[in-house]
Amino acid sequence: MLRYLTAGESHGKCLVGILEGMPAGLKVNKREIDEELARRQKGYGRGARMKIEKDNTRILCGLRKGKTIGSPIALLIENKDCKIDSLPPLVCPRPGHADLPGALKYNTKDIRDVLERASARETAMRVAIGALCRTLLEQFKIEVISQVTSIGRVCAYTQGLSFNQIRSRVAKSRTSCADKVAEARMIKEIDKVRKEGDSLGGTFEVIAAGLPAGLGSCAHWERRLDARVAALLMSIPAIKGVEVGAGFIGACLRGSELHDAIFYASRKGFFRKTNHAGGLEGGITNGEPLVLRCAMKPISTLKRPLPSVNIRSKRAVRAAVERADVCAVPAAAVVGEAAVAFCLAESLLEKFAGDSLFETKRNHEGYLKQIKKF
């Protein structure tokens, strides 16, 4: 019911997005979309491109008087750094990037034909689309946040912090980290790596609160919510791993240590005292917060490049050096929020349907009453 499509190149005229399936009657605030775009551009370790672009969304259609009308929504973000036709050819592929496999796939001797679309610049439109989905989720009291949990070998410790504490601390952090001690060490590590001409990856966590039990399905593989959200997160450039809840650590535990015991209270219904499952059981939300973690590899462009091969002469060379970030984990976390917001909005509309927001809310309220009386 909900789907999107993006178009545009890193140094092209613009990025374009079309979101289809949003119910009518949802009030959209353009400022909130632009605030999400600004969050994506921040983060210690970002490159010079972020100083050039001041991302601003233009909503071309799909709204009337500030509200959705049920038709597809078209968005546009203009690129200030628009020079796609004047850039010189690139023939020395960067290890870790789409450069070489893309050149082989599309039979081009100019890697720029590949990197212009493979660039993470495209995620700006994903964030704009995610912001629209976040607006829908807010109508159902569903919130999505993220936090950086490691950069390089520097790990944060945030166990025991509440949802609101994480959100508040991350908003004040230059690395989107809720652990101040770790943040300082992360900044120091980024500075060190920048001087060495290298790059850093890391991990981040996305948390969604307020979800009802019952989103997703165990009936078919493609309807399992864990599979769907993992696919969306893995599609973010440089993401190499996704885990739900305890993830890989859970594989080391016994069943009695891992699985979340079930309790019941008349005022709150079924609940858990732990959330090792990360809010998902059998591909279905269980009413607990959704907890997802992503591993991001270091940026592929290095100031001190690795060995490569000129795709035209076949001679040994050093990989190309492009303008790039030293570390983009905080930005990737914002993109991760957008991916999760879209997935949850899609699942919400599948479960509660409705051509208008009024109808969807009515269906949602009826379902909540149903499971409360279960």
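The values are calculated or read from the model by the stated rules, or taken from the named source; none is laboratory data. Everything numeric in this text was worked out from a predicted model, so none of it was measured. Cβ placement follows ideal geometry from the backbone for every residue including glycine, while neighbour counts extend to all protein chains displayed.
Hey, among G241, G250, G245, G255, which residue is farther than 20 Å from S146 by Cα, under 25 Å from the mean Cα position of the chain (by Cα) and free of Cβ contacts under 8 Å to residues at least 60 places away in the same chain?
After applying the criteria, what remains is G250.
Just need a number here: residues in the range 325-374 that are over 20 Å from M1 (Cα atoms) and outside any helix (DSSP H, G or I).
Within the range 325-374, residues that are over 20 Å from M1 (Cα atoms) and outside any helix (DSSP H, G or I) number 6.
Considering the range 121-169 alone, what residues qualify as being farther than 26 Å from E288 by Cβ, surrounded by fewer than 20 Cβ atoms within 10 Å (Cβ to Cβ) and among the small types (G, A, S)?
G152
From the residues in the range 90-114 that are touching a strand residue (DSSP E or B) at 6+ places or on another chain (Cβ under 9 Å) and in a helix (DSSP H, G or I), which one is surrounded by the fewest Cβ atoms within 10 Å (Cβ to Cβ)?
Taking the candidates together, the pick is L100.
With the requirement that a residue be in contact with a Gly (Cβ under 7 Å, 6 or more places away or on another chain), under 17 Å from E20 (Cα atoms) and among the hydrophobic types (A, V, I, L, M, F, W, C), what does the range 351-374 give you?
Correct list: L357 only.
Pairs, please: C-beta under 8 Å, at least 6 apart or cross-chain, first residue crowded, with 16+ Cβ neighbours inside 10 Å and in a loop (DSSP other than H, G, I, E, B) and in the range 62-83, second of a type in the set (S, T, N, Q) and at pLDDT below 95?
Listed by first residue and then by second, the contacts come to N79/S10.
May I ask you to say which residue of V242, V193 is among the aliphatic types (A, V, I, L, M) and part of a strand (DSSP E or B)?
After applying the criteria, what remains is V242.
Checking the conditions here, which among R304, R362, R267 is closer than 30 Å to T175 by Cα and over 22 Å from the mean Cα position of the chain (by Cα)?
Sole residue among the options that is closer than 30 Å to T175 by Cα and over 22 Å from the mean Cα position of the chain (by Cα): R304.
Could you check, for the range 132-150, whether at least one of its residues is under 24 Å from L5 (Cβ atoms), charged (D, E, K, R) and touching a helix residue (DSSP H, G or I) at 6+ places or on another chain (Cβ under 6 Å)?
The answer is yes; a qualifying residue exists.
What are the residues in the range 187-225 that are among the polar types (S, T, N, Q) and out of contact with any Asp or Glu (no Cβ under 8 Å at 6 or more places or on another chain), if any?
T203, S217
Determine which single condition G269 fails, assuming it passes every other condition in (1) exposed (fewer than 11 other Cβ atoms within 10 Å of the Cβ); (2) over 30 Å from A118 (Cα atoms); (3) at pLDDT below 95.
(1)
Looking at S217, S199, S235, which is the one that is more than 30 Å from S10 (Cβ to Cβ) and among the small types (G, A, S)?
S217
So which residues in the range 196-232 are surrounded by fewer than 23 Cβ atoms within 10 Å (Cβ to Cβ), part of a loop (DSSP other than H, G, I, E, B) and either in contact with a helix residue (DSSP H, G or I) (Cβ under 9 Å, 6 or more places away or on another chain) or not small (G, A, S) (or both)?
Result: E196, D198, G201, G210, P212, A213, G214, S217, C218, H220, R224.
Among the residues in the range 344-361, are any small (G, A, S), buried (at least 23 other Cβ atoms within 10 Å of the Cβ) and touching a residue at least 24 places away in the same chain (Cβ under 8 Å)?
yes
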